[in-house]
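Note sheet for the following structure.
The values are calculated or read from the model by the stated rules, or taken from the named source; none is laboratory data. Keep in mind it's a predicted model, so treat the numbers as computed, not measured. A quick note on method: Cβ atoms are made from the backbone with ideal geometry, for glycine too, and the neighbour counts reach across all protein chains shown.
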Amino acid sequence: MGGSIFTPYRRTQLFVLIACIACFVMFWCAGRALSIPNETGFEASLLQQPHWPLDVLGTYVLFAVCVVLGTLIAGWTWFFAGLFAAAIGMVAFSARGGAMRYVLFHAAAGGSPRQVYLMLALEQCLLFLPIAIAWVIMHRRYEAATAGMQKAPAEPKESGTSAVPMSLLTQIVAMGFVVLLFAPTDAKKQVLIGGFVAGFVGTALTEHLFPDRKAARFFWVGPLMVGLIGYLVAYATGTDFTIGSPLGTFAALARPLPLDYASAGVAGAILGYWVGAERPELPSRSRRQLLMPPSDPSTIRQ
């Protein structure tokens with residue numbers, strides 16, 4: 001009974017929480033300083049901002065800084081802490097903005113309401129560009145760090161490329177189903193929680209059913225595609241712009257904004273990937289080692 005409650009598991013939770021808070025505060029303060037969004041509480045689409053190219057560039061820079069900061073704070077205890085904390089930090093931009101209805105109202109006032117969904121699809125792709133790069137880089141480093149471990153059989157096996165499309169299709173369908181259940185309205189808390197749960201459930205289920213290293217490199221595709229499908233279907237089926245609500249069976253997929261999918265959706269996908277299968281334990285490393293390529297994997301201790 002003399003054991004400490006501050007176990008490695010609790011320690012990991014603590015440092016990841018600190019990293020998430022630090023990244024959220026950084027995004028929030030930067031959003032206030034840079035006026036992102038320009039009208040707090042009403043404009044949550046980056047491409048609707050007056051100086052949207054600078055806002056997108058600023059988001060890229062902030063995301064990269066938060067990935068490094070989160071890695072320095074908690075990456076030595078959880079390998080994907082930097083990417084997870086950066087995604088949580090981006091929630092601040094979404095929280096400072098408003099719900100989808102205000103984006104639709106703004107588009108209707110501008111005289112081209114239907115094209116707003118094409119704009120949102122473009123914004124979705126722009127936001128996921130740094131996410132995809134960071135995900136692939138960190139996953140490759142994780143594979144290199146665990147390649148020589150004796151626990152490697154517990155890791156997902158690398159199979160043929162035919163398993164990758166099935167894995168991603170399962171992730172997209174599962175995520176879409178959860179979003180349909182959790183986003184009956186565009187209330188900000190509802191779509192953020194729904195996006196996180198969808199990312200977590202969809203990715204964890206996929207990793208459990210189709211454990212494959214190649215597929216895991218592309219689990220950022222799920223949140224990206226669910227949003228794209230939602231916006232393109234809403235573009236085709238129509239919207240009631242008087243109340244700011246997409247119409248049709250799959251309207252819920254278009255209620256979260258690109259910032260919602262890129263922040264809460266990606267954070268849920270990262271966590272779902274990690275808990276979806278057993279992972280080998282990595283030894284604690286210094287913060288200097290985190291930013292350097294892993295050495296000979298066979299030298300890593302159990």
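Residues of the stretch 104-114 being touching a residue at least 40 places away in the same chain (Cβ under 8 Å) and either surrounded by fewer than 24 Cβ atoms within 10 Å (Cβ to Cβ) or of a type in the set (Ser, Thr, Tyr) (or both), which ones? Full working, then the answer.
Of the stretch 104-114, the ones touching a residue at least 40 places away in the same chain (Cβ under 8 Å) are 104-108, 113-114.
Scanning the stretch 104-114 gives Phe105, His106, Ala107, Ala108, Pro113, Arg114.
Mind checking which residues of the stretch 240-252 are of a type in the set (Gly, Ala, Ser) and touching a residue at least 40 places away in the same chain (Cβ under 8 Å)? Break it down into steps so the answer makes sense when it comes.
Applying the first criterion (of a type in the set (Gly, Ala, Ser)) to the stretch 240-252 yields 244-245, 248, 251-252.
Selection gives Gly244, Ser245, Ala252.
Which of the residues that make up the stretch 111-132 are modelled with pLDDT under 95 and either closer than 13 Å to Ala86 by Cβ or not in a helix (DSSP H, G or I) (or both)?
Selection gives Gly111, Ser112, Pro113, Arg114, Gln115.
For Val179, are the conditions met, namely being in contact (Cβ under 8 Å) with a residue 60 or more places away in the chain and buried (at least 24 other Cβ atoms within 10 Å of the Cβ)? Explain how you work it out, then say what you get.
Working: in contact (Cβ under 8 Å) with a residue 60 or more places away in the chain: yes; buried (at least 24 other Cβ atoms within 10 Å of the Cβ): yes.
Judged against the criteria, Val179 is a match.
Please work out which residue is nearest to the chain's Cα centre (by Cα), limiting yourself to the stretch 36-76 and to residues that are surrounded by 19 or more Cβ atoms within 10 Å (Cβ to Cβ) and of a type in the set (Ser, Thr, Tyr).
For the stretch 36-76, the residue satisfying everything is Thr59.
Mind checking which residues of the stretch 14-53 are part of a helix (DSSP H, G or I), touching a residue at least 12 places away in the same chain (Cβ under 8 Å) and farther than 15 Å from Ala92 by Cα?
Correct list: Phe15, Val16, Ile18, Leu47, Gln48.
Pick from Thr170, Thr237: which is buried (at least 17 other Cβ atoms within 10 Å of the Cβ), free of Cβ contacts under 8 Å to residues at least 60 places away in the same chain, at negative phi and among the hydroxyl-bearing types (Ser, Thr, Tyr)? Steps first, please.
On the way: Thr237 fails: buried (at least 17 other Cβ atoms within 10 Å of the Cβ).
Among Thr170, Thr237, only Thr170 is buried (at least 17 other Cβ atoms within 10 Å of the Cβ), free of Cβ contacts under 8 Å to residues at least 60 places away in the same chain, at negative phi and among the hydroxyl-bearing types (Ser, Thr, Tyr).
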